[in-house]
Amino acid sequence: VLFCVIVLWGASIKGFAFSIAAFAAALVLATKELFQCVLGSVVKVSNSVFTLGDRIQVGQARGIVVQQSFLGTALMEMGPGESSRQLTGKKIFIPNSQFLTQIVKNESLGSKFVFHTFNVGLHSICDWKLAEQQLLDACHEVCAPFEKEAQREISKLTKAKVLYSPSTKPKVSIDISDTEKPKFVVRITCKEDQPNKVEQQILH
């Protein structure tokens, strides 16, 4: 009976099987992105990658997390560049599927104090040793009022998370990776909502 069914209705069965396969393929393609978004959301939540209010970077997108859902994450964009923390006024929507393939950088330490890094151009004919000392002196002068509090907060945070406690004192190093444009790299510790303000005070 099975042989007769195959012989008589083989073409119809084959066509029906192709239809089922095509429908299944279309269903997979249509729901792939949705499934990846939900899976990315699960990965994001289960690993506590970030929370509302954190400053993050996902691929080229960088900003403050203002909204989260199973399908996507919204950021208020910061820029220009990776060191600036000024809001551009633009809102970025990132599908959660990006968290499966992209590296996520979280700039928030979970403390009211954060590390902030910025560059200062160095003229090739200036007295670089004097310029370095002047820049370091300016950093100490501006950061002195909250340096001890910052060290306590960062030490408390790293101790709670069983991490080493980095120094919060200002640091100035020279970057000559581009010999035509040498620069100082400055790292300071400041309040989470004041990196641009402190940076400008130091530069002034």
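Modelled this way, with points 7 Å down the Cα-to-C-beta line, the labels at THR158 and ALA74 are 3.7 nm from one another.
Taking a 23 Å limit on the Cα-Cα distance, which of the listed pairs LYS129/LYS156; LYS156/LYS191; LYS148/LYS181; LYS105/LYS181 fall beyond it? Don't skip to the answer; put the middle values down first.
Details: LYS129/LYS156 35 Å; LYS156/LYS191 15 Å; LYS148/LYS181 34 Å; LYS105/LYS181 27 Å.
As for pairs spanning more than 23 Å Cα to Cα, those are LYS129/LYS156; LYS148/LYS181; LYS105/LYS181.
Counted residue by residue at 0.36 nm each, then reduced by the alpha carbon distance between them, the extension gain from ASP127 to GLU82 reaches 13.3 nm.
Classify region 82-130 from the C-alpha gyration tensor, please: rounded if a/c falls under 1.5, else prolate or oblate depending on whether a/b exceeds b/c. Write out the running numbers ahead of the final one.
Working: a/c = 2.56, a/b = 2.22, b/c = 1.15.
Prolate is the answer for region 82-130, as a/c is 1.5 or above and a/b outweighs b/c.
Evaluated with a Cβ-only charge set (Lys, Arg +1; Asp, Glu -1), the chain carries a dipole of roughly 600 debye about its Cα centre, given to the nearest 20. Whole angstrom only: what separates the Cα centroid of region 173-204 from the Cα centroid of region 54-101? Each part reduced to its Cα centre gives a spacing of 23 Å.
Order ARG187, ARG152, most accessible first, counting only protein heavy atoms with a 1.4 angstrom probe. Spell out each step's value before the answer.
Values: ARG187 55, ARG152 150 Å².
Listed by decreasing accessible area, they come as ARG152, ARG187.
Maximal additional length on extending the GLU180-HIS140 stretch stands at 11.5 nm, based on 0.36 nm per residue less the C-alpha distance.
Once you sort the root eigenvalues of the Cα gyration tensor of region 142-204 as a ≥ b ≥ c, which label holds: rounded (a/c under 1.5), prolate (a/b larger than b/c) or oblate (the other case)? Here region 142-204 falls in the oblate category.
Its relative contact order, with pairs defined as Cα atoms under 8 Å and 6+ residues apart, puts region 59-204 at 24 percent. Considering only GLU33, GLU149, GLU180, the Gaussian network model of the chain with Cα springs below 10 Å gives its largest mean-square fluctuation to GLU180. 3J(HN,Hα) couplings calculated from phi for region 42-51 with the Karplus curve 6.51 cos²θ - 1.76 cosθ + 1.60 (θ = phi - 60°) are, in sequence order, 5, 4, 4, 6, 5, 9, 6, 5, 6, 10 Hz; Gly and Pro show x. Kindly identify region 70-172 as rounded, prolate or oblate by the Cα gyration tensor criterion: order the square roots of the eigenvalues as a ≥ b ≥ c, call it rounded if a/c is under 1.5, otherwise compare a/b with b/c, prolate if a/b is larger, else oblate. Since a/c reaches 1.5 but b/c is at least a/b, the shape of region 70-172 is classed as oblate.
Modelled spin-label separation between ASN106 and SER46, with each label point placed 7 Å from Cα along the Cα-to-Cβ direction: 1.6 nm.
Across all C-alpha atoms in the chain, the radius of gyration and Dmax reach 26.9, 98 Å. Positive-end ranking of SER173, PHE50, ILE188 along the dipole of the chain, with charges on Cβ about the Cα centre, is headed by PHE50.
The values are calculated or read from the model by the stated rules, or taken from the named source; none is laboratory data. Every value quoted in this text rests on a predicted model; they were computed, and no experiment measured them. Positions of Cβ are generated from backbone atoms using ideal geometry, with glycine treated the same way; all protein chains shown enter the neighbour counts. Surface accessibility is based on the protein's heavy atoms, side chains included, excluding ligands, DNA and RNA. Shrake-Rupley method; radii C 1.70, N 1.55, O 1.52, S 1.80 Å.
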